[in-house]
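Novice: I'd like to ask some things about the structure below.
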Amino acid sequence: MILLWCSSLLLLSNVIAVNFTTCYSENQKIICSCDHHQMICSDHGEKLDFIPKVSNNIKMLIFTNNNLNQVTETTFRNMTRSMTSHLSLAGNDIRYISKHTFREFTSLTFLDLSYNVIPVNVEIAFSNLHFLANGSLILNHMNISETKINELFRYLDTNGIETLSLAYNNLEDIDSCDWRNFQSLKTLNITGNKLKNMTFKCHTKIEILHADSNNLVSFPNFCLDNDNLTNYWHGKFKTAVPSLRVLSVFSNRIMEMPSTALRCTDELRELVITKNLFHEIDLQTFYKLNTLKMSSIFRYYLSIKPHSHSKLLTASIEHLMLQNISFGMFPTDLGMFEGLHHLKSLDLSYSNLPFSPMASKKVFKSLSNLTKLTLQFVGWKSMPYNIFHLLPNLKTLDLSNNEITYLSWSRFRYLKYLEEIDFSNNRIFLSGQLSVPSSISSLISLDISNNTYYCSCEILSFFEELSSNNVTIKYYPEAYICTSPRSMADKSVADVECMQHLETIVYTIIITVLFGCVFAIIAYKSRYRIRYLIHISRSHHSWKVRKKSPQPLLFDGFVIYSEPDKNWVYDIFLPFLEKQHGYKLCIHDRDFQYGRLIVDNIVENMKNSRKIVLILSESFAESKWCQFEVLLAHERFLEHGPDSLISIKLEEITTYRLTNTLETLIKFATHAVWSDQNKEEFSVRILDCFQVKTDNIDKNNSNRSKHRCSHSHAQKIKVTEDRNKIFSDKFEHLFNEMCSRVDLMSETLCKRLDSLEKTVKSDITFLKNKVDKLETNLTSLQDSIIDSQSTSK
């Protein structure tokens, strides 16, 4: 329960700024701190018996636990009193306050004189004390008795005082008439006195009343008419507290609370009656409180007996604490929460809750809007399976201090909004394989401290995974102490060292590295084929689109040749076709775009060429780049047929150098043979191949004749079928070749590892034999020395 009153120091500390600077210092022992609106001079005892210079902008002065025996007008000569709104003089051993001390404090809204002896003639000093609106007068721990109250406030101007605190004094009896002159009073704090009786004979506008930690033996009567009890039910009772919203009588000696105890508190919203001596409470007492919004009640007494014959609680209650309640098996007992559709938090700790499926379902079935459920010390040994689906909006669940032995996450699969769970101080045994519950993805806080833990790598991984999922594990690791195995007893779960997995980790790393090396070797050996497959997949679609939608071509031919054949290309082939006959050829040394990848240049220029020309020779068959270009040309061959390729053989190629792809292209594509003896035949053959042209050539070559070869429909179908078959066979061949290489590399690696193992074993045997032989020689030498010594003697 948060009290709305507070002592001066606590109240002012709520508004104290963080950045303070020293505004007064004497010998580095007496120091006062200031910010732009407040000044603090505290805890200097007898060393500080005056108020230092206070700047004009200071509105709050906290001068506590120092020494001011006499307080007069001159005490505040170093400050601008008309600007001061908050003044705290607590704990200064004040024994006298002059009549005109507070006369010039015209802006005062807060005054704290706590922890001082009642000054002589203080009532006269109060005659010049005036508060603005929302004023607070704090007189705690001043040894005030009820006989002095009337004298104390005789001359006080009570207008503007809304908070009055008389906590921890010597009041034994008090009546509302004692503060009837406080017309603006809303909060009264009389906590920690010796009150035995509290009566209400006068009308008061008080809204908040705190009477905790007293000696009250009966619940206060707030009605002005005690005799006409029957008029209450007809709404004729006169209440002394028509505005009372908060009542706290915590920690008293009240033993009974009759059903009519709250008959004159229709506006009551918060009631605290915990830690009293109740033996039995009739919940019918609270039925008339239709505006009750929070009721934190019922702790530290024997039992509460639910009323069995009528509606128990009002439907407007949002927060309810019913601790130490005894549920019977009667339907009226189990259905005491029916109709509480606005209830958001419920505390049933220390209660005897029914665990049977039917009974527990009866208790919780109406609480679908509940967001917080506290069930401490209810004696559960396991979690019920049939109540959590009735609480779909639950966010906080507290099952601490029970006897639960098993953690079943499946119970929470219906709780989509569950954020906090508390399983602390149970008998849960955590061990073995644990996993983060996926059924409660909204979880942000978990407390399973002070249970039983078998410390292992699995449980450590469980907590680490929770942390990685941004789940706060409360009191970890100090409250998570291992109970087993014996080697980990009395150690924290966080101290687990997972060294037993080191061997597995090392082997895993070695195997991963070996397979990585094998894969890298295979990838390097097959790098051209891999590039081929990648670029085939990239260019396959564009070639199909181009076949359907022809676009202008930049070149008549794309020439593939090796470096040793470069002179023949530049001296004979290019002059013949480009200068003499006007064709445009793509030569990589001349026409490739600088800055682009070679592979991209090859693919792009092949697409922009009408034909692909292969200059075949021994050096061509040996060149890796030429073989790569042959693979791309083969794809072009499959897409556009034999007429798209021309092969020119400069010399015979050794059979073992011919790849399957190159052999296929030579076999099916148009080819010509170059030699010094057949130049004329070669020229005719080449010109005949280049004369077969489409209309999609560059505008610079528009003066050349236009002709296009045509084939019959049957030939096209046959070529398409052959092309698909060759393409399928090619991929199958590549896949088989890749697999065979992997097998070969794996077999070779195993053989090398076996050979290495045999070599190491052989070396070890050899060294062992050498050591044995050395030991034998040493023994023989020692015997010889001993024999020689005995002979000499």
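The values are calculated or read from the model by the stated rules, or taken from the named source; none is laboratory data. What you see is a predicted model, and the numbers here were worked out from it, not measured in a lab. Backbone-built Cβ (ideal geometry, glycine too); neighbour counts: all protein chains shown.
Every residue, every condition in (1) part of a helix (DSSP H, G or I); (2) loosely packed, with under 15 Cβ neighbours inside 10 Å; (3) at negative phi; (4) modelled with pLDDT under 90, yes or no:
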| position | (1), (2), (3), (4) |
| --- | --- |
| Gly582 | no, yes, no, yes |
| Arg590 | yes, yes, yes, yes |
| Gly595 | no, yes, no, yes |
| Ile602 | yes, no, yes, yes |
| Ile612 | no, no, yes, no |
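Novice: Then there's this: Residue by residue through segment 125-138, note down the ones that are free of Cβ contacts under 8 Å to residues at least 60 places away in the same chain, of a type in the set (A, V, I, L, M) and surrounded by 22 or more Cβ atoms within 10 Å (Cβ to Cβ).
Specialist: Hits for segment 125-138 are Ala125, Leu137.
Novice: Within the bounds of segment 351-363, is there any residue that is farther than 30 Å from Cys455 by Cβ, among the aromatic types (Phe, Trp, Tyr) and touching a residue at least 40 places away in the same chain (Cβ under 8 Å)?
Specialist: no
Novice: Pick from segment 246-264 the residues that are in contact with a strand residue (DSSP E or B) (Cβ under 7 Å, 6 or more places away or on another chain) and polar (S, T, N, Q): which of them is surrounded by the fewest Cβ atoms within 10 Å (Cβ to Cβ)?
Specialist: Ser259
Novice: I'm trying to understand the selection: among the residues of segment 107-143, which are assigned to a loop (DSSP other than H, G, I, E, B) and among the aromatic types (Phe, Trp, Tyr)? I'd like the intermediate steps shown before the answer.
Specialist: Step one: list which residues in segment 107-143 are assigned to a loop (DSSP other than H, G, I, E, B), which gives 107-109, 113-119, 121, 129-134, 139-143.
Within segment 107-143, Tyr115, Phe131 qualify.
Novice: Check Glu458 against each of (1) within 30 Å of Ser356 (Cα to Cα); (2) charged (D, E, K, R); (3) buried (at least 16 other Cβ atoms within 10 Å of the Cβ) and name the one condition it does not meet.
Specialist: Only one criterion in (1) within 30 Å of Ser356 (Cα to Cα); (2) charged (D, E, K, R); (3) buried (at least 16 other Cβ atoms within 10 Å of the Cβ) is unmet by Glu458, namely (1).
Novice: Continuing with this model, one more query. Identify the single condition in (1) at pLDDT 85 or above; (2) within 29 Å of the chain's Cα centre (by Cα); (3) of a type outside the set (D, E, K, R) that Ile511 does not satisfy, given that it satisfies every other one.
Specialist: Failed condition: (2).
Novice: Mind counting the residues in segment 144-184 that are part of a strand (DSSP E or B) and more than 53 Å from the chain's Cα centre (by Cα)?
Specialist: The number of residues fulfilling the criteria is 3.
Novice: For segment 185-204, which positions are more than 22 Å from Arg253 (Cα to Cα) and assigned to a strand (DSSP E or B)? Please lay out each step first, then the result.
Specialist: First, the residues of segment 185-204 that are more than 22 Å from Arg253 (Cα to Cα): 185-187, 201-204.
Matches in segment 185-204: Thr187 only.
A quick yes/no check of all residues on (1) assigned to a loop (DSSP other than H, G, I, E, B); (2) closer than 18 Å to Ser408 by Cα:
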| position | (1), (2) |
| --- | --- |
| Met336 | yes, no |
| Phe355 | yes, yes |
| Met358 | no, no |
| Val363 | no, no |
| Trp380 | yes, yes |
| Pro384 | yes, yes |
| His389 | no, yes |
| Pro392 | yes, yes |
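Novice: Identify all residues within segment 176-197 that are within 20 Å of His141 (Cα to Cα) and crowded, with 16+ Cβ neighbours inside 10 Å; write none if there are none.
Specialist: Once the filter is applied, which keeps residues that are within 20 Å of His141 (Cα to Cα) and crowded, with 16+ Cβ neighbours inside 10 Å, segment 176-197 yields Asp178, Trp179, Thr187, Leu188, Asn189, Ile190, Thr191, Gly192, Asn193, Leu195, Lys196.
Novice: Here's a follow-up. Filter segment 215-232 for residues that are at pLDDT below 90 and in a loop (DSSP other than H, G, I, E, B) and give the result.
Specialist: Leu224, Asp225, Asn226, Asp227, Asn228, listed by residue number.
Novice: Taking Leu418, is it assigned to a loop (DSSP other than H, G, I, E, B), at pLDDT 90 or above and in contact with a helix residue (DSSP H, G or I) (Cβ under 7 Å, 6 or more places away or on another chain)?
Specialist: So Leu418 passes the test.
Novice: Another question, if that's okay. Scan segment 640-658 and give yes if some residue there is more than 24 Å from Trp568 (Cα to Cα), surrounded by fewer than 19 Cβ atoms within 10 Å (Cβ to Cβ) and free of Cβ contacts under 8 Å to residues at least 40 places away in the same chain, otherwise no.
Specialist: The answer is yes, given that some residue of segment 640-658 is more than 24 Å from Trp568 (Cα to Cα), surrounded by fewer than 19 Cβ atoms within 10 Å (Cβ to Cβ) and free of Cβ contacts under 8 Å to residues at least 40 places away in the same chain.
Novice: Then there's this: Tell me which residues, restricted to segment 130-147, are in contact with a strand residue (DSSP E or B) (Cβ under 7 Å, 6 or more places away or on another chain) and either of a type in the set (A, V, I, L, M, F, W, C) or modelled with pLDDT under 85 (or both). Walk me through it before giving the result.
Specialist: First pass over segment 130-147, keeping only residues in contact with a strand residue (DSSP E or B) (Cβ under 7 Å, 6 or more places away or on another chain): 131, 134-140, 146.
Selection gives Phe131, Leu137, Ile138, Leu139, Glu146.
Novice: Given (1) out of contact with any Leu (no Cβ under 6 Å at 6 or more places or on another chain); (2) modelled with pLDDT of 85 or more, identify the lone condition not met by Leu662.
Specialist: (2)
Quick grid of which residues meet (1) in contact (Cβ under 8 Å) with a residue 40 or more places away in the chain; (2) out of contact with any Cys (no Cβ under 9 Å at 6 or more places or on another chain); (3) within 22 Å of Ala669 (Cα to Cα):
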| residue | (1), (2), (3) |
| --- | --- |
| Phe573 | yes, yes, yes |
| Asp591 | no, yes, no |
| Ile598 | no, yes, no |
| Met606 | yes, no, yes |
| Ile612 | yes, yes, yes |
| Ala621 | yes, yes, yes |
| Leu632 | yes, yes, yes |
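Novice: State the number of residues belonging to segment 94-122 that are in contact with a His (Cβ under 9 Å, 6 or more places away or on another chain), charged (D, E, K, R) and more than 17 Å from Met79 (Cβ to Cβ).
Specialist: 0
Novice: Please list, ordered by first then second residue, the pairs with beta carbon atoms under 6 Å, 6 or more apart or interchain, first in segment 109-124 and of a type outside the set (Phe, Trp, Tyr) and buried (at least 21 other Cβ atoms within 10 Å of the Cβ), second assigned to a helix (DSSP H, G or I) and at pLDDT below 90.
Specialist: Asp112/Ser8
Novice: With a cut-off of at least 1 residues that are at pLDDT below 80, name the strands (runs of 3 or more DSSP E) lying wholly within segment 238-301.
Specialist: It comes to 294-297.
Yes or no, residue by residue, for (1) surrounded by 17 or more Cβ atoms within 10 Å (Cβ to Cβ); (2) out of contact with any Leu (no Cβ under 6 Å at 6 or more places or on another chain); (3) of a type outside the set (Phe, Trp, Tyr):
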{"position": "Thr405", "(1), (2), (3)": "no, yes, yes"}
{"position": "Trp409", "(1), (2), (3)": "no, yes, no"}
{"position": "Asp422", "(1), (2), (3)": "yes, yes, yes"}
{"position": "Cys482", "(1), (2), (3)": "yes, yes, yes"}
{"position": "Pro485", "(1), (2), (3)": "no, yes, yes"}
{"position": "Val496", "(1), (2), (3)": "yes, no, yes"}
